[in-house]
Every structure is written in C-alpha cells, then in structure tokens.
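One structure is given here, and the rest of the page talks about it.
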Amino acid sequence: MNYKDLLQKQLAKFSSKGYNRTFTPIYRYQDTFPFTRIDLPNEKIKNDKINPETTIWCSNDYLNMSHNPEVINRMIEVIKEVGTGSGGTRNISGTTPYHDQLEKKLANFHQRDSALIFTSAYVANQTTIATLCKKIPNIEVFSDQLNHASLIEGIKNSRASCSIFRHNDLDHLESLLAKKDLDQPKIIVFESLYSMDGTETNIYDYVKLAKKYNALTYLDEVHAVGLYGKGGRGIAFKNNVSNDVDIINGTLAKGFGQIGGYIVADQTIIDFIRSFSPGFIFTTSMMPSIAAAATKSIEIVETMDEKRKDIFNKAKYFKQKLNLLDIPFIDSNSHIIPILTYSTKKAKLFSKLLLEQYNSYIQPIFYPTVPEGSARLRITITPKHSIQDIDNLIAALKRLFDSEKPEQSLNITARQNQVA
Ligand code: PLP
C-alpha cells in the first residue's frame, strides 16, 4: 500500500476541480483595522504586483472586540497573574476562577440556568450532539440541510438516524416529524443565522413544532451572539424564546473576538454533558487569560447597542448600492453580505483582482463550504469600516462585474498611510 500516493491522488482530484485553498497571511493591526498589511515575501509582492496594504472585508471579528483595549489589558493582566496555559483538563487542575466566572457570565448573559465552555464552538457542537444522541436510545435527529460541519460531525459521530429537512422549511420539517411515533425521542438541530447566506431563522416556530412533537431543540447561535437582540444576546433572546430552546450553542471567537465556545441549558443538561462528553472531559481547558478576556468582552458587548445599530445601517447602505448596480447578492436583514459569483473560478479570480488591484481582501468561498455552483465573496462589515471604505469597495466590485477584466485599477489610497 502506497499511502502517500493514495493521498496525493485525492489531493490532485480536489485541486483539478479548483477546490484547493490558498491561505493569505495578514497582520490585522489593532490601530489601523480594517486597513492592514498582507504578510508575503517581498519577491512575491513584486512578481505578482500585489499591494500589501489592504482593507479586510471578511473578518468574523464582527465587533472588533479582539482589538478592544480593555479586553487586551485584561488578558495581559491575567497572564501576568497566573501564566499562559491552564495546565490541565477541567477535572485535573485545569479549572480556575476565571473559567467559573466565564460560565456564570454566559449563563447570566443568556438568562439561563447554566453554561459550559469548550475550546471552540466547533468542539462544543460536535461533542455535545454526539454525546446526547449516543446516550438517548433510539433518538431521531432532524437536521437543517445547511447546518454547519460541526453539527453534522456530531450527528454522524453519534450514529443516530437522521432526517434532513430543506433549509428553513418548517413544512418539510413537520412532515418528517409527523412520520415518527410521538414517543420516539427526537432532537431538532438548527442555526439561528446561517453564516454563508445570512438567513435568519424564526426560532419561535421551531420551538412550537418541537413542543407539538415532543422533540428537544439544539440551536447554534454562533454568528448571532454579540450582534442580535438587546445586549447582543442572540436571536432566540430577540424572539423571546431563549428559555424554550433546550440547548443554545455560541462562540467566543466572533462577536466576542476571542477563542472558545460554549453551550447554555438547564442544570441537568449541563451536568450531563460535563459528565459524559469526551470533547469536554479529555482535553486541556482554555487558557485562563482567554476566559478572563472573554468575560470582559461580554461585559462590554452588552453595552454596545449603538455599534450594533451602526453595523446594520452600514450593511443596509451596502445592499442598497448593490441593488442599484445590479450586482448579484443574497439579500437578508443580516450583517452578512454574500456576493454571488456562482462559479468557483470567478470567485477566485475576483478575490485575486480585488487584492492585487483594489487593495481589498475578501477570501473566496466555494465548495465544500457552500454547495457547488454557489461560490461567493462573503462580506462582513464591522464598526471600523467607514462609508468611504464601502464606497471604494462598491466601485471596485462594479468594475469587476461590468467587465470581469478590469484594465486599470482604481486608486484606493485614502487609508494607506495609516498602516503601522
Ligand atoms: N457553528 C457555525 C455555524 C460556524 O459557522 C462555526 C465557525 O465558523 C462554528 C460553529 C465553529 O465556531 P468556532 O470558530 O468557535 O469553532
């Protein structure tokens, strides 16, 4: 068996379809964001004629909390107090007061009984769902067709039977639920904001269906926490059903700008996952300084209703311009703006030209992250993007969509001299 050969063949097949990924190393400078610098060898910059100074349009640091001075100070303070690593799993010397404080803060933030933190929201989803579905005999999972990979991995790992319903299609979900015996255990797994399309879910209707068919509900609020609902408490909170959802999952890495994930639920469910979930038990806990910085970040995010308004106003402005110019995009009320190129090749080409000619960095998104034939440039606007930045990007996108072969670059230099 030639293992290397086998792997290389699979890689070659993947690449031949254009699905190989190129990572772009960047410095997201605190003082100049969203204007920043790409870290590429000078030779490459010269040969490929790349301007290393660029504006980032695809960061999930939605509220710029990774750059917040109070959060940074809190992280440094705790590193100086107790060092960097936690030194153990939660059970074996890896629980600190900072971990406990973060869990209390999260429970309070979502106005739920209890919270449990994990090293990422991916791990939280994967291990919580796998554990629940393994331990509840004969459970049937109902999963939205566009659910995130971490939710799908959790379902697959549990080996539970799974019915997939069409994206946000409650009639389809109900028809699948109705096929099962009312007494058979069931869980509906869905997201409140689908991050690649920006579609928002009516959680109230899911909860109603779950009650009717005696099903548990598992809701991923990864792209909503920090941004939606009063204090950024998420879409379930905004819809007034936070307490009716059995388990809510969130991340500390996007709206809160740190790293890590969590679930909130009632005490019994949290105790259950804490006791049986391998992804929680058998891994070193998050750095204490991250737990402390995340707690500080949540405290600040709660007070940022004005910044949230600002993001949504700018996103609305952006979409109005796209509409006027007939640039294809998925319209929604969310802060996420997916500009559709449909083909992977075009998404890659536009991303390259934006970087090389228009000082704009937007990572192309294509299969398997989104279904084949729906490649896109996914734009996220943060409080630090100005209207001038938006106008510059719109002008560049117009050029690309008009000609697909721009002859000359726009002169987008307004913020170049701000780079550190
Ligand atoms: N759930 C959804 C819907 C996501 O989009 C992501 C990541 O982008 C995750 C979970 C995982 O979050 P984290 O980055 O905290 O692992």
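Quick notes on this one:
- Condition met for Ile117 (within 16 Å of the ligand (Cβ to nearest atom), aliphatic (A, V, I, L, M) and free of Cβ contacts under 8 Å to residues at least 24 places away in the same chain): no
- The one condition from (1) away from the ligand (no atom under 15 Å from the Cβ); (2) outside any helix (DSSP H, G or I) that Ile270 does not meet is (2).
- A residue that is modelled with pLDDT of 95 or more, surrounded by fewer than 21 Cβ atoms within 10 Å (Cβ to Cβ) and of a type in the set (Gly, Ala, Ser) occurs nowhere in the range 202-223.
- Residue count, the range 1-49 (criterion: part of a loop (DSSP other than H, G, I, E, B), of a type in the set (S, T, N, Q) and free of Cβ contacts under 8 Å to residues at least 60 places away in the same chain): 4
- Test: residue in the range 279-300 that is of a type in the set (Val, Ile, Thr) and more than 19 Å from Asp100 (Cα to Cα): no
- Filtering the range 198-242 to residues that are outside any helix (DSSP H, G or I), touching a Ser or Thr at 6+ places or on another chain (Cβ under 7 Å) and farther than 24 Å from Phe118 by Cα leaves Gly198, Thr199, Glu200, Thr201.
- When the range 315-328 is filtered for residues that are part of a helix (DSSP H, G or I) and either surrounded by 20 or more Cβ atoms within 10 Å (Cβ to Cβ) or in contact with a strand residue (DSSP E or B) (Cβ under 8 Å, 6 or more places away or on another chain) (or both), the ones remaining, listed by number, are Ala315, Phe318, Lys319, Leu322.
- So Leu132, is it away from the ligand (no atom under 14 Å from the Cβ), touching a residue at least 24 places away in the same chain (Cβ under 8 Å) and open to solvent by less than 10 Å² (accessible area, probe 1.4 Å): no
- Yes/no for Gln111 being touching a residue at least 60 places away in the same chain (Cβ under 8 Å), farther than 24 Å from Tyr204 by Cα and open to solvent by 40 Å² or more (accessible area, probe 1.4 Å): no
- Flag if Glu153 is open to solvent by 60 Å² or more (accessible area, probe 1.4 Å) and in a helix (DSSP H, G or I): yes
- Tabulated pairs, the range 254-269, first more than 16 Å from Asn108 (Cα to Cα), second more than 10 Å from the ligand (Cβ to nearest atom) and open to solvent by 30 Å² or more (accessible area, probe 1.4 Å), C-beta under 6 angstrom, 6+ apart or interchain: Gly257/Ser66
- Failed item, numbered, when Leu151 is tested on (1) away from the ligand (no atom under 16 Å from the Cβ); (2) hydrophobic (A, V, I, L, M, F, W, C); (3) under 24 Å from the mean Cα position of the chain (by Cα): (1)
- Filtered residues of the range 329-338 (kept if assigned to a loop (DSSP other than H, G, I, E, B) and open to solvent by less than 40 Å² (accessible area, probe 1.4 Å)): Ile330, Ser332, Ser334, His335
- Sole exception among (1) open to solvent by 20 Å² or more (accessible area, probe 1.4 Å); (2) in a helix (DSSP H, G or I); (3) closer than 27 Å to Thr380 by Cβ; (4) of a type outside the set (Ser, Thr, Tyr) for Leu146, by number: (2)
- Test: Asn125 is surrounded by fewer than 21 Cβ atoms within 10 Å (Cβ to Cβ), within 16 Å of the ligand (Cβ to nearest atom) and among the polar types (S, T, N, Q): no
- Lone unmet requirement of (1) of a type in the set (A, V, I, L, M); (2) surrounded by fewer than 20 Cβ atoms within 10 Å (Cβ to Cβ); (3) in a helix (DSSP H, G or I) for Ile298: (2)
- Of the criteria (1) more than 29 Å from Ser275 (Cα to Cα); (2) modelled with pLDDT of 95 or more; (3) open to solvent by less than 40 Å² (accessible area, probe 1.4 Å), which one Asp197 fails: (2)
- Per the listing Glu103, Glu70, the residue uniquely assigned to a helix (DSSP H, G or I), of a type in the set (Asp, Glu) and surrounded by fewer than 19 Cβ atoms within 10 Å (Cβ to Cβ) is Glu70.
- Selection within the range 195-219: residues that are out of contact with any helix residue (DSSP H, G or I) (no Cβ under 6 Å at 6 or more places or on another chain), closer than 30 Å to Asn138 by Cβ and of a type in the set (D, E, K, R). The member of this set that is nearest to the ligand (Cβ to nearest atom) is Lys208.
- Number of the condition not met by Thr303 [criteria: (1) of a type outside the set (Gly, Ala, Ser); (2) more than 20 Å from the chain's Cα centre (by Cα); (3) farther than 18 Å from Gln111 by Cα; (4) in a loop (DSSP other than H, G, I, E, B)]: (3)
The values are calculated or read from the model by the stated rules, or taken from the named source; none is laboratory data. The shown structure was predicted, so the numbers you read here are calculated from the model rather than taken from an experiment. Note: ideal-geometry Cβ built from the backbone for every residue, glycine included; neighbour counts use all protein chains shown. Side chains included, ligands, DNA and RNA excluded: accessible areas come from the protein's heavy atoms. Shrake-Rupley method; radii C 1.70, N 1.55, O 1.52, S 1.80 Å.
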